[in-house]
1. What is the antiparallel percent of DSSP beta bridges lying wholly in the chain, to the nearest 5?
2. Using DSSP to define loop residues, name the GluC sites (Glu not before Pro) in the stretch 93-200 whose beta-carbon has at most 10 other beta-carbon atoms within 10 Å.
3. Farthest toward the dipole's positive end in the stretch 108-188, which of Gln147, Leu118, Gln161, given Cβ charges of +1 (Lys, Arg) and -1 (Asp, Glu) about the Cα centre?
4. Need the C-alpha centroid separation for the stretch 59-75 versus the stretch 137-175, integer Å.
5. Listed highest first by mean packing, meaning other Cβ atoms within 10 Å per residue, what order do 104-110, 86-92, 74-80, 4-10 come in?
6. Calculate how large, on average over all directions, the projected area of the Cα convex hull of the stretch 79-168 is; give the answer in nm² to one decimal.
7. Over all directions, what mean area does the Cα convex hull of the stretch 90-130 project, stated in square nanometres?
8. Using a simple charge model, +1 on the beta-carbon of Lys and Arg, -1 on the beta-carbon of Asp and Glu, nothing else, what dipole does the stretch 1-93 show about its Cα centre, in debye to the nearest 20?
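Bear in mind that the values in this text are calculations on the coordinates, not laboratory data. Just so we're clear, the structure is a prediction, and the values are computed from it rather than from any experiment. Methodologically, a virtual Cβ is constructed for each residue, glycine included, from the backbone with ideal geometry; neighbour enumeration extends over all protein chains shown.
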Amino acid sequence: MKVIGLTGGIASGKTTVARMLEAHGGAIIDADVAAREVVAPGEPALAEIAEAFGPEVLAPDGGLNRPALAGIIFNDEAARQRLNSIVHPRVRARMIAQLDALRRQPEPPRFAVLVVPLLLESGHDWALDQVWVVAIPEDVQLERLMQRDQLALEAAQARIQAQMPLSEKLKRADRVIENTGRPAEVEQAVVGLLRRERLL
């Protein structure tokens, strides 16, 4: 089973590309999904986050108040690193367990895709066969992020600047998927890459 790490900047279209890969036989393991699971009510990580950042990061229902937490970590590098130290090891352990479960299947999928937004920022040591980066121009990324998350310009810029520049990600990519055209064009590019890698 080939293991591909899929990454890219915030609002670059990683989820869209992951769905396309899944439609063509890939097993998707998504870090964002795992991250939501490990901070669910009753999970140890949620209590640690509340202890580190205060009760205001908890919603009235006892879950995580994501907007309140985002307001803290996107303007404070030390706070962001503290959050990552709580969440990332748990996310990693959960994803590795999912990957191991795929490998133990009687007929594992031909390839698995680990969708990890901070794959390159985290200095990953995943046993990956390749790293694929989803790329879009920064002005398009900014517009998409503002629309998707209903953010003001400054807040959206802060989120983009908190990540590794796309130019640096492209240097470390084995394959690049340009997400600038219509969905059909992007899918055509995805299919072309899968054929090139003999995964179709």
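1. 5
2. On the way: sites: Glu121, Glu138, Glu143, Glu154, Glu168, Glu178, Glu185, Glu187, Glu197; in loops: Glu121, Glu197.
Sparse-neighbourhood loop GluC sites (Glu not before Pro): none present.
3. Positive-most Cα among the choices belongs to Leu118.
4. 21
5. Going by the mean number of other Cβ atoms within 10 Å, highest first, we get 4-10, 86-92, 74-80, 104-110.
6. Working: hull surface 30.1 nm².
With every direction weighted equally, the projected area is 7.5 nm².
7. Seen from a random direction, the Cα hull of the stretch 90-130 projects 3.2 nm² on average.
8. Computed about the Cα centre, the dipole is about 400 debye.
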